[in-house]
Amino acid sequence: MKKLKLGYAPTRRFVFSAEDAFKYKVLIREKIQSFGMDIEIVDLEGLNEEGLLYNDNIGADLITDRFRQEKVDAVFFPHCNFGTEDTVARVAKALGKPALLWGPRDEAPLEDGMRLRDTQCGLFATGKILRRFNVPYTYVTNSRVDDPVFERGFKNFVAASNVVR
């Protein structure tokens, strides 16, 4: 059986820390690779300077084109600092493939009250817009990268996507 091709589209929002989003993009990819699953990851490297999905209609078209050309079987949208719900929905709707939402649990605000991320809120916003676009999706409970809940949910998504394929 051929490997499942997974579109990896980590997303961020400009009002939160771009550095933190990039850090989580790398951590999440390393974590899913550590699961030892027989998958091929198709990422966004080279489409923009960050390798992240953010609020940009041209970027949505480029991402959709890459995933179509690579014939991905499913798409994972990790929300690295909040997420860009409209662009996620455009990509997911255009592809019509199984879609997974998840994001790492937020830390406490900084001493000055600023937040590096608001991932949970971003996940709620993305889920709402996906429902408006009539895009079926699933999600893994907002958890830490090293939490067994994330690993179990991710593996279940890959297994279900293999069945759909």
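The values are calculated or read from the model by the stated rules, or taken from the named source; none is laboratory data. The structure displayed is predicted, hence computed values, not measured ones. With ideal geometry, Cβ positions are generated from the backbone for all residues, glycine too; neighbour counts draw on all protein chains shown. All accessible areas refer to the heavy atoms of the entire protein, side chains included, with ligands and DNA or RNA removed. Shrake-Rupley method; radii C 1.70, N 1.55, O 1.52, S 1.80 Å.
For residue 39, work out the one condition from (1) over 17 Å from residue 92 (Cα atoms); (2) touching a residue at least 60 places away in the same chain (Cβ under 8 Å); (3) open to solvent by 40 Å² or more (accessible area, probe 1.4 Å) it doesn't fulfil.
The number of the failed condition is (3).
Which numbered condition in (1) over 19 Å from residue 117 (Cβ atoms); (2) buried (at least 19 other Cβ atoms within 10 Å of the Cβ) is the only one that residue 96 fails?
All conditions are met except number (2).
What is the residue count in region 4-36 for residues that are assigned to a helix (DSSP H, G or I) and free of Cβ contacts under 8 Å to residues at least 60 places away in the same chain? Let's see the steps before the verdict.
Taking region 4-36 and keeping what is assigned to a helix (DSSP H, G or I), we get 18-34.
From what is left, the residues that are free of Cβ contacts under 8 Å to residues at least 60 places away in the same chain are 19, 22-23, 25-26, 29-30, 33-34.
Selection size over region 4-36: 9.
Could you tell me which residue of region 3-28 is most open to solvent (accessible area, probe 1.4 Å), considering only residues that are in contact with a strand residue (DSSP E or B) (Cβ under 7 Å, 6 or more places away or on another chain) and closer than 18 Å to residue 105 by Cβ?
Of everything passing the filter in region 3-28, 24 is most open to solvent (accessible area, probe 1.4 Å).
Which of (1) open to solvent by 10 Å² or more (accessible area, probe 1.4 Å); (2) under 23 Å from residue 39 (Cα atoms) is the odd one out, the single condition residue 72 does not satisfy?
Residue 72 satisfies all of (1) open to solvent by 10 Å² or more (accessible area, probe 1.4 Å); (2) under 23 Å from residue 39 (Cα atoms) except (1).
Conditions tested, residue by residue: (1) modelled with pLDDT of 90 or more; (2) over 26 Å from residue 60 (Cβ atoms); (3) in contact with a Gly (Cβ under 6 Å, 6 or more places away or on another chain).
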| residue | (1), (2), (3) |
| --- | --- |
| 93 | yes, no, no |
| 98 | yes, no, no |
| 101 | yes, no, no |
| 107 | no, yes, no |
| 116 | no, no, no |
| 136 | yes, no, no |
| 143 | yes, yes, no |
| 151 | yes, yes, no |
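Would you mind stating whether residue 86 is modelled with pLDDT under 95, touching a strand residue (DSSP E or B) at 6+ places or on another chain (Cβ under 9 Å) and open to solvent by 10 Å² or more (accessible area, probe 1.4 Å)?
no
Which members of region 86-106 meet the condition of being assigned to a strand (DSSP E or B) and closer than 14 Å to residue 135 by Cβ?
At the first step, the residues of region 86-106 found to be assigned to a strand (DSSP E or B) are 99-102, 104.
Answer for region 86-106, where residues must be assigned to a strand (DSSP E or B) and closer than 14 Å to residue 135 by Cβ: 99, 100, 101.
Which one is farthest from residue 27 (Cα to Cα) among residues in region 117-133 that are in contact with a helix residue (DSSP H, G or I) (Cβ under 8 Å, 6 or more places away or on another chain) and either acidic (Asp, Glu) or open to solvent by 80 Å² or more (accessible area, probe 1.4 Å) (or both)?
Here the residue is 132.
Across region 58-85, what is the total count of residues that are within 30 Å of residue 115 (Cα to Cα), β-branched (Val, Ile, Thr) and in a loop (DSSP other than H, G, I, E, B)?
Looking only at that region, the number is 1.
Of the residues 112, 65, 56, only one is open to solvent by less than 60 Å² (accessible area, probe 1.4 Å) and among the charged types (D, E, K, R); which?
Numbers: 112 fails: open to solvent by less than 60 Å² (accessible area, probe 1.4 Å); 65 fails: open to solvent by less than 60 Å² (accessible area, probe 1.4 Å).
Going through 112, 65, 56 in turn, the sole match is 56.
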